[in-house]
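The values are calculated or read from the model by the stated rules, or taken from the named source; none is laboratory data. Predicted, not measured: the structure shown is a model, and the values here were computed from it. When the accessible area is computed, the model is the full protein with side chains, heavy atoms only, and any ligands, DNA or RNA have been set aside. Shrake-Rupley method; radii C 1.70, N 1.55, O 1.52, S 1.80 Å.
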Amino acid sequence: MGEIAELRYVAAFNSPFELGVRMVYLLNSLQPIGADLQKLVLLDYAVVYSCDLGGPTSLHTPVPYRGSEYLSRRDLIAQGLHLMSTRCLVSAFMDETGITYIAGEAARAMVGALTSPYLRELEERCRWAASTFAGMNSREMTEKFAEQGHLWGAEFEGAEARMSQWQ
C-alpha cells in the first residue's frame, strides 16, 4: 500500500501567516518608512486593539489579559515577516541601527487586490496606527501605551466595577 499522507493542523488564527498578512498591511501604510521588529510588535497591538489607544473600534474583540498577547506575538510576527519576505511582500535592510522592515514591491498590489470586509477594516486600522504612531520610536510607544494602562495592565480594566459587583 502507498504511504498515508500526514495531516497537520495548520492554525489560521494567531499564526505566522495571519500576522504576516497584518505586517504587509501595516508596512504598506507606513510607506515610505519602515519599522524594526519591536515597533511592529507594538503597532500590531495598536492595530488589533485600536480602541484601547483612542482609535477606531478595535479590529478584534478585546479579551482579558490581552496585554500578554503583546509579548507572545513577537516570535510569530518575526516568522510572519520572514514568510511574507519569501513572496516579495516584505523587504528588510540592515544598517547601524539594526534591521528595518519595509513594504515589499508586491505589498501595494496585494493590499489593493484583497477586498474582504475584514481586510478593509484592517487597512483602516493600519492607516490609523501609522498616522498616529509612525513618528514615535519603540520606547516612546511603550511609554505611551503604559501611560494609558495598556500592555501591562489591560487585564485590570474594569476591575473596580467587577469588584463592586462581588461586594
For this session: Test each condition in (1) open to solvent by less than 40 Å² (accessible area, probe 1.4 Å); (2) modelled with pLDDT under 95 for Y65 and report the one that comes out false.
Result: (1)
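Matching residues to (1) open to solvent by 70 Å² or more (accessible area, probe 1.4 Å); (2) among the polar types (S, T, N, Q); (3) within 16 Å of V21 (Cα to Cα):
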| position | (1), (2), (3) |
| --- | --- |
| A46 | no, no, yes |
| A78 | no, no, yes |
| T97 | yes, yes, no |
| V111 | no, no, yes |
| E121 | yes, no, yes |
| A129 | no, no, yes |
